[in-house]
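The values are calculated or read from the model by the stated rules, or taken from the named source; none is laboratory data. Note that the structure is predicted; figures quoted are calculated from it, not measured. No Cβ is skipped: glycine too gets one built from the backbone with ideal geometry, and neighbour counts run over all protein chains shown.
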Amino acid sequence: MNIALSVKGALKRVRNILVLVALDGSEDSNNALRQAIRFAKRENCTVTALTVLPEYDGDLEIGLMSNIWDTIKQPGIKILSEAGRIAKEEGSVIFTLLEEGNIHETIIDVAESRDCDLIILGRSGMTMVEKAFMGSITARVIGYSPIDVLVMPSNSSLKFNNILLAIDGSRFSMIAAERAISLARVYGKTINLLSVVDVNEEFYANAPELVEKMIHEAREMVQSVEDIARSANLETQDFVREGEAHEKIVSLAKELDIDLICMGSHGRTGIRRLLMGSVTERVIGHAHCPVLVVKA
């Protein structure tokens with residue numbers, strides 16, 4: 001979110017935050033826009049609402065293309081018209097943009113060209129399969145975007161008062177820790193730290209000493225981040241759980257009535273960029289609250 005921690009520990013904003021909200025006409029994406037506008041009004045940010053229409057690949061003569069485009073773009077115009085209505089209802093002004101192209105690539109290209117700090121997506125209604133592994137557009141935006149991505153489920157609000165930071169010791173989760181601590185210092189006072197030792201019962205039965213070592217290392221990792229958070233005058237709670245990582249993250253978030261889950265992304269190249277970490281995907285698919293995926 002372009003919030004940096006100075007050497008002395010005082011937060012400073014480098015510049016106004018630029019937010020890109022990708023809209024698909026669903027109630028979830030409209031709610032994401034509404035929440036982004038409310039956040040922007042508090043923070044004097046700039047919001048751009050973007051709708052991307054798939055490229056038309058029909059076999060038509062060039063002379064007919066302009067008429068076809070006029071027809072094809074009508075749904076996009078309708079979506080952005082509703083975005084303008086929402087902004088007016090919220091007493092705000094936003095930029096709107098209609099583009100044609102590969103959807104996830106265009107979202108990322110627009111975010112980069114406008115030097116945006118954050119991409120916001122609504123988590124549109126999903127089947128059980130899609131909840132297990134997110135819809136392809138959302139997954140691709142998160143997998144390929146160099147910019148932080150916030151995914152908002154239905155009827156959720158954008159707040160940062162009570163943050164859950166999921167850490168696994170990777171470079172990505174440590175970057176997420178920096179972001180979560182900065183957010184907590186600016187917008188709230190509480191940060192909850194969770195590390196999950198993802199082992200099944202069979203593994204525990206066959207290698208109990210190794211599991212205990214993993215639990216000990218997880219506690220040390222959480223403690224090191226907690227020390228940093230407390231030095232920033234934040235209230236903290238720390239948790240180490242055993243089991244399926246995404247299940248433990250989602251259940252603890254609900255138990256603590258978390259406003260925001262903050263996680264790192266996984267993978268940097270090829271197919272891993274597309275698939276990300278399955279834990280991140282599944283948390284986004286099942287969480288009751290917004291999930292911020294922090295990019296390296």
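Inspect all residues belonging to region 253-263 and state whether any of them is among the acidic types (Asp, Glu), modelled with pLDDT of 95 or more and crowded, with 18+ Cβ neighbours inside 10 Å. Yes; the residues of region 253-263 include at least one that is among the acidic types (Asp, Glu), modelled with pLDDT of 95 or more and crowded, with 18+ Cβ neighbours inside 10 Å.
Here is a yes/no grid of residues against (1) more than 20 Å from Met263 (Cα to Cα); (2) at pLDDT 95 or above; (3) surrounded by fewer than 19 Cβ atoms within 10 Å (Cβ to Cβ); (4) within 17 Å of the chain's Cα centre (by Cα):
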| residue | (1), (2), (3), (4) |
| --- | --- |
| Ser81 | yes, yes, yes, no |
| Gly84 | yes, yes, yes, no |
| Thr106 | yes, yes, no, no |
| Ser113 | yes, yes, yes, no |
| Gly122 | no, no, no, yes |
| Ser136 | no, no, yes, yes |
| Val141 | no, no, no, yes |
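The residue of region 5-30 that is modelled with the lowest pLDDT, among those that are more than 24 Å from Lys73 (Cβ to Cβ) and surrounded by 18 or more Cβ atoms within 10 Å (Cβ to Cβ), is Ile17. Look at (1) under 20 Å from the mean Cα position of the chain (by Cα); (2) part of a helix (DSSP H, G or I) and you find that Ser224 fails only one, number (1). The requirement of being in contact (Cβ under 8 Å) with a residue 24 or more places away in the chain and either in contact with a Pro (Cβ under 7 Å, 6 or more places away or on another chain) or over 29 Å from Phe39 (Cα atoms) (or both) is satisfied by Met221.
Okay, residues lined up against (1) assigned by TED's automatic domain parsing to the domain that holds Ala229; (2) over 19 Å from His246 (Cα atoms); (3) surrounded by 21 or more Cβ atoms within 10 Å (Cβ to Cβ):
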{"residue": "Leu165", "(1), (2), (3)": "yes, no, yes"}
{"residue": "Gly169", "(1), (2), (3)": "yes, no, no"}
{"residue": "Ser173", "(1), (2), (3)": "yes, no, yes"}
{"residue": "Ala176", "(1), (2), (3)": "yes, no, yes"}
{"residue": "Ile181", "(1), (2), (3)": "yes, yes, yes"}
{"residue": "Tyr187", "(1), (2), (3)": "yes, yes, no"}
{"residue": "Ile191", "(1), (2), (3)": "yes, no, yes"}
{"residue": "Ser195", "(1), (2), (3)": "yes, no, yes"}
{"residue": "Asp198", "(1), (2), (3)": "yes, no, no"}
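Whether a residue is more than 19 Å from Asp148 (Cβ to Cβ) and either in contact with a Phe, Trp or Tyr (Cβ under 7 Å, 6 or more places away or on another chain) or modelled with pLDDT under 70 (or both) was assessed, and Gly277 does not pass this test.
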